[in-house]
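The values are calculated or read from the model by the stated rules, or taken from the named source; none is laboratory data. Predicted, not measured: the structure shown is a model, and the values here were computed from it. Neighbour counts are summed over all protein chains in view; Cβ atoms, including those assigned to glycine, are modelled from backbone coordinates with ideal geometry. Each accessible area value is taken on the protein alone, full model and side chains, heavy atoms only, with ligands, DNA and RNA left out. Shrake-Rupley method; radii C 1.70, N 1.55, O 1.52, S 1.80 Å.
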Amino acid sequence: MNYKALAERLLPGEYPPLSYYEEKYPPRTLPKGAEVTRLAPSPTGFIHLGNLFAAIANERIAHRSGGVLYLRIEDTDLKRKVEGAVEAVIKALHYFDIEFDEGAEIGGEETYAPWYQRQRAEIYRAYAKRLIEEGRAYPCFCTEEELTALREEQTAKKEITGYYGQYAKCRNLTEEEIYRNLDAGKPYVIRLKSLGNPENKIAFRDAVKGEITVTENDQDVVILKSDGIPTYHFAHAIDDHLMRTTLVIRGEEWLASLPIHIELFDALGFERPRYGHNCSLMKQDGETRRKLSKRKDPELSLEFYRKEGYFPRAVKVYMLTLLNSNFEEWYQKNPDADLAEFPFKVEKMSKSGSLFDLDKLNDISKNELSKLSIEEMSAFLKGWAEEFGTEAQRHYFDDAEKLGAVLSLCMGVGGKKRRKDLTTASQAMKFIEYFFERTPRTDEYRIGRDERRAILSEFLAAYDHSDDAQAWFCKVKEVAAAHGFATDMKEYKLAPERFKGSVADVAEVLRIATTGKANTPDLWSIMQILGEGEVHERLKQAKDE
Ligand code: GLU
């Protein structure tokens, strides 16, 4: 077979010699040990926790080594393309402080551009042409129907499905048959002619999992589709090589394709970058552990964390806890350190599944938020409210002094111990809502309606906004005593039957009347922040209810 003539017929025209691309995309000049790594999402518009997981690892590896993190868009499959998806990826990762050095919509070092695979079509075709010339790739004219029939036949025979060995019909077409098909204008794809044998095992050093064994590939995978656009497998091998990638961490769902990738790199004559396959994030579901699912688990989508208003550092701390086995200990010793100082190591990455637990993240979030200053907290909440808050919530920021007082009370600033009630921005905004809006009152009272009314009206009559906390509490106790409630908790505990209840029950009536809630920080302080007029209004309203 005259492969050269066939290559010319399939991909006519002058393509640059491959040395041209080698020179156009030269090895990078970076310090020794610097790693070049990447994220290569398809622009589907869905960016998930697994992407963030891998992104943090790649970002840390690149930046700790003085290397480069780039963003490549694998848009060879137009059906999956969504408008604005690239910006969404950049924005979603920016929230977690992950910045690319170069790439699609980023710019940066132009040498390795373009970063959209569709814009690199000519490069892939040049390499495909070479493989055809070498007899390592061939045209396949099988129709969808034929491929479906083949799959059904293989399934019925309980054989591995795919285009390989004796099933790779077009691999054995004669020169005459090929040209007859071409002359007839039959559509075709280009497939790799695999030389592998699945009985052979290859040793592969996975950057995360260590030494693993993979089976040789024997699938004649498609490298160029009928429209001349490459498949992901083919394009990524060429790009990882020409973009001078040195190490890639990606999800372990790509392990299954590794044999194909290994053969493609070999056929193309490229030295492979190192690949590390990161374990999937698992979730405990009753007795079993399963992968996080797009359908069942809203927390899989990165959008969830922005919408809920998770503090980015908290998510990052949790991801690093899962990513590196020694992170937790390091963080305990360095709770306020810049996370970039953590000596992230690929060798410390977990080889088997990581359990993702939202409760654990919530605990970390509470802890991280409790470390913020009032200014930092205000800025964080404001950023969230501007994007996701209600109209009313955006007004919480009108009076910075009031907001400051609210936050320091709710966060326990100035007290002996910082409070850890706040988990996310959305929850925190809800938590402070009653300072800014009149919220519905809970009906968890322990005291009946008539007595409540009497208590409220007596307290109202005695209320003096200029009372300090002590004087204020004396008045609460007076009302309590007048109604037969114990004012001394010790006394109450010794003989509860002697009282209707304790001063705590009376305070609760006042608390719910003022805030709507049965549990709040110090009530006197709340009343001070609300102001005299508002306190009167709320107590009156509750009394008249
Ligand atoms: N385009 C693939 C994806 O959508 C990238 C796989 C890889 O990292 O090689 O995840």
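Structure notes:
- Here the contact order of region 1-88, divided by its residue count and restricted to Cα pairs under 8 Å and six or more residues apart, works out to 34 percent.
- Neighbourhood charge, 13 Å Cβ-Cβ cut-off, centred on Asp338 and excluding it, Lys, Arg +1 and Asp, Glu -1: +1
- DSSP bridge orientation in the chain - percent antiparallel, rounded to nearest 5: 55 percent
- Among beta bridges that DSSP assigns inside region 1-147, antiparallel share in %, nearest 5: 10 percent
- Net +/- balance of residues flanking Gly404 in space, Cβ distance below 14 Å, scoring K and R +1, D and E -1: -3
- Rounded, prolate or oblate (a/c below 1.5 giving rounded, otherwise prolate when a/b exceeds b/c) for region 206-337 by Cα gyration tensor: prolate
- Centre separation in Å (Cα based) which lies between region 242-261 and region 449-497: 70 Å
- Net charge of neighbours whose Cβ lies under 14 Å from the Cβ of Ile202, counting Lys and Arg as +1 and Asp and Glu as -1: -4
- Computed lengthening from Leu147 to Asn367, 0.36 nm per intervening residue step minus Cα-Cα distance: 73.6 nm
- Working from Cα pairs under 8 Å separated by at least six residues, relative contact order for region 10-161 is 22 percent.
- Under 28 Å from the Cα of Lys477 - lysines, other chains or at least 8 residues apart: Lys416, Lys417, Lys490, Lys493, Lys500, Lys517, Lys540, Lys543
- Amide N proximity, region 408-446 versus Glu534 label position 7 Å along Cα-to-Cβ, cut-off under 11 Å: 433-439
- Region 1-68 and region 93-126 have Cα centres separated by 9 Å.
- Whole-angstrom gap from region 327-373 to region 178-227, using each part's C-alpha centre: 41 Å
- Farthest positive-ward along region 49-159 dipole, Cα basis, beta-carbon charges - from Thr111, Ala85, Leu147: Leu147
- In plain terms, if you count all Cα to Cα distances in region 431-545 and split them into 10 Å steps from zero, the share in each step is 14, 49, 32, 5, 0 percent.
- Here the peptides 471-478, 231-238, 111-118 are ranked by packing, the mean other Cβ count within 10 Å, and the order with the highest first is 231-238, 111-118, 471-478.
- The accessible surface of region 20-154, taken with every protein chain in place and a 1.4 Å probe, is 50 percent carbon and sulfur.
- For Lys402, the lysines whose Cα comes closer than 19 Å to its Cα, not counting residues fewer than 8 places off in the same chain, are Lys382, Lys430.
- Here, the chain yields an orientationally averaged convex hull projection of 34.2 nm² when only Cα atoms define the hull.
- Given +1 at the Cβ of Lys and Arg, -1 at the Cβ of Asp and Glu and no other charges, the dipole of the chain around its Cα centre is 1020 debye to the nearest 20.
- Entry comment: accessible area of the chain is 48 Å² per residue, from protein heavy atoms only and a probe of 1.4 Å.
- Taking 24 Å as the straight-line reach from the Cα of Lys81, the lysines in range (excluding those fewer than 8 positions away in the same chain) are Lys91, Lys225, Lys294, Lys296, Lys307.
- Ordering Met319, Gly353, Phe304 by the projection of their Cα atoms onto the charge dipole of region 255-358, which places +1 on the Cβ of Lys and Arg and -1 on the Cβ of Asp and Glu, puts Phe304 at the extreme positive end.
- Kirkwood estimate for region 63-203, i.e. one over the average of 1/r between Cα atoms, Å: 19.1 Å
- Mean Cβ count within 10 Å, highest first, over the residues of peptides 393-405, 53-65: 53-65, 393-405
- Rg then Dmax, both in Å and based on the Cα atoms of region 1-129: 17.3, 56.
- Here's the picture: charge each Lys and Arg Cβ at +1 and each Asp and Glu Cβ at -1 in region 455-534, and of Met527, His483, Leu456 the one pushed furthest to the positive end of that dipole is His483.
- Accessible-area value, Phe356, 1.4 Å probe, nucleic acids and ligands omitted, Å²: 10 Å²
- Per-atom-type breakdown for region 259-418 gives carbon and sulfur 48% of the accessible area (1.4 Å probe, protein chains only).
- Free-standing Cys, the chain [no other Cys Cβ under 4.7 Å]: Cys142, Cys279, Cys410, Cys474
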